[in-house]
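Report on the following structure.
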Amino acid sequence: MDRIVITDVSPRDGLQNQAVNVSTDDKLELVRRLATAGVPSVEVTSFVSPKAVPQMADAADLVQRVNAALPTLQTSALVPNLKGLERAHAAGAREIAVVLSATRTMNERNINMDLDEATAVSERTLLEARRLGLRTRAYVAVAFECPFEGKVPLEPVLRLSARMRDAGADRIVIADTIGAAAPGEVKTRMHELVALLGADLLAVHFHDTRGLGAANAWAALEAGVRHFDASVGGIGGCPFAPGAAGNLATEDLVLMAERSGFATGIDLAGLLDAVAFAESVLGRQLGGRSIAWLRRHYAKEAERKREAA
Ligand code: COA
Ligand code: ZN
């Protein structure tokens, strides 16, 4: 069976923007439930300025505790610059992700650098991470539309992706940061990117602002992409990108993939358990488009098992 690999980004993309303060214990428990559900890869935190993103101030502590509790789980941490890499490496991170936006204004708002500086800093950070023996991901953010500059042409997305490849990124994550893409353009853009970089180097990261996250993931899948970001319960959104809602929910992506003949290695009932935990921590209802059906379906299944026992 064909296989897709999902990186759950909920502890980073999902929790960076929450109004309630989430404890390190609760973050660890969320990662643990994702691992129990069979999620193969988790972006656990970011080593960014605690002034810019107070929710990620416990990054070093969390990485150490995740490594100790779940030594075989593949985990990564977002780093915006060399200082972030230094902190991540000291904490024992084994994989990092740099974040380069495809427009000048988004880089300025997000990491206080213009496009050239953000590109150079991302390249230096990738090179240094490789020298330290870490695996690397490179986000190319606002790859479809920018909240400040509007529609983003394909040219900078191709150019910056090639720069990240040349700096040695193990994977380039094409991100629809505000959830403005539609499947038709995802198909054409991902075909161009696959032709340039090969499908194996690419991943996609969709937000579900307009309800098109799953359709966009399907378009990328048909273009040959097999690596996907998603967030359990659909939590997420960048504090510096106005209008961004949550990510494509991991449970929606798993449901779509498995029902279409792609293995994920992820157990949907286990994901429901992670969603329930995130709801108890954040104090509000969460879940992707399929959550009501999934809950009914797995409640019935649990009842059948009880009756059979
Ligand atoms: N981690 C922690 N602190 C950092 C840091 C990092 N990765 N990078 C810089 N700093 C500190 C500096 O040491 C300095 O501290 P001081 O004031 O005590 O001397 C301070 O932050 C300012 O440093 P400077 O290099 O001038 O950074 P800046 O103010 O231009 O901010 C970033 C740049 C990248 C650090 C900041 O914009 C940031 O953290 N952005 C993250 C955005 C984000 O997480 N977006 C969501 C995910 S895409
Ligand atoms: Zn995102």
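The values are calculated or read from the model by the stated rules, or taken from the named source; none is laboratory data. On a predicted model such as this, the values are computed, not experimentally measured, just so you know. Quick reminder, even Gly has a Cβ in these numbers, built from the backbone with ideal geometry, and neighbours come from all protein chains shown.
Structure values in brief
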| quantity | calculated |
| --- | --- |
| Entirely in the stretch 19-120, the helices (runs of 4 or more DSSP H) that have 1 or more residues that are modelled with pLDDT of 95 or more and under 30 Å from Arg163 (Cβ atoms) | 59-69, 82-91, 104-111 |
| Residue match in the stretch 79-98 (condition: buried (at least 16 other Cβ atoms within 10 Å of the Cβ), among the polar types (S, T, N, Q) and in contact with a Leu (Cβ under 8 Å, 6 or more places away or on another chain)) | no |
| Scan of the stretch 243-258 for residues that are touching a helix residue (DSSP H, G or I) at 6+ places or on another chain (Cβ under 9 Å) and over 18 Å from Trp293 (Cα atoms), ordered by number | Ala245, Gly246, Asn247 |
| Of residues in the stretch 267-294 being touching a residue at least 60 places away in the same chain (Cβ under 8 Å) and surrounded by 22 or more Cβ atoms within 10 Å (Cβ to Cβ), the one nearest to Ala217 (Cα to Cα) | Gly288 |
| Tally, over the stretch 117-147, of residues that are more than 16 Å from ligand 2 (Cβ to nearest atom) and either surrounded by fewer than 19 Cβ atoms within 10 Å (Cβ to Cβ) or not charged (D, E, K, R) (or both) | 19 |
| Boolean, Asp252 is within 16 Å of ligand 2 (Cβ to nearest atom), touching a residue at least 12 places away in the same chain (Cβ under 8 Å) and acidic (Asp, Glu) | yes |
| Residue match in the stretch 4-14 (condition: of a type in the set (Lys, Arg) and within 16 Å of ligand 2 (Cβ to nearest atom)) | yes |
| From the options Ala241, Ala217, residue that is within 30 Å of Glu108 (Cα to Cα), out of contact with any strand residue (DSSP E or B) (no Cβ under 7 Å at 6 or more places or on another chain) and touching a residue at least 24 places away in the same chain (Cβ under 8 Å) | Ala241 |
| Qualifying residue in the stretch 18-30 (condition: touching a strand residue (DSSP E or B) at 6+ places or on another chain (Cβ under 7 Å), under 22 Å from Pro239 (Cβ atoms) and surrounded by 20 or more Cβ atoms within 10 Å (Cβ to Cβ)) | no |
| The stretch 101-116 residues that are among the charged types (D, E, K, R), paired with ones that are surrounded by fewer than 17 Cβ atoms within 10 Å (Cβ to Cβ) (beta carbon under 8 Å, 6 or more apart) | Arg104/Asp114; Arg104/Glu149; Glu108/Asp114; Arg109/Phe148 |
| Single residue of Ala138, Ala169, Ala143 found to be in a loop (DSSP other than H, G, I, E, B), under 17 Å from Met190 (Cα atoms), under 17 Å from the mean Cα position of the chain (by Cα) and within 16 Å of ligand 1 (Cβ to nearest atom) | Ala143 |
| Matching residues, the stretch 71-95, being more than 16 Å from ligand 2 (Cβ to nearest atom), within 26 Å of Cys146 (Cβ to Cβ) and touching a strand residue (DSSP E or B) at 6+ places or on another chain (Cβ under 9 Å) | Asn81, Gly84, Leu85 |
| Looking only at the stretch 20-30, and only at residues there that are without any contact (Cβ under 8 Å) to a residue 40 or more places away in the chain and more than 16 Å from ligand 1 (Cβ to nearest atom), the one that is farthest from Ile111 (Cα to Cα) | Asp25 |
| Any hit, the stretch 31-40, residues being within 16 Å of ligand 1 (Cβ to nearest atom) and in contact with a helix residue (DSSP H, G or I) (Cβ under 7 Å, 6 or more places away or on another chain) | no |
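For (1) crowded, with 16+ Cβ neighbours inside 10 Å; (2) away from ligand 1 (no atom under 14 Å from the Cβ), each residue gets a yes or a no:
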site	(1), (2)
Met1	no, yes
Thr7	yes, yes
Arg12	yes, no
Leu15	yes, no
Ser46	yes, no
Pro50	no, no
Ser76	yes, no
Glu108	yes, no
Leu115	yes, yes
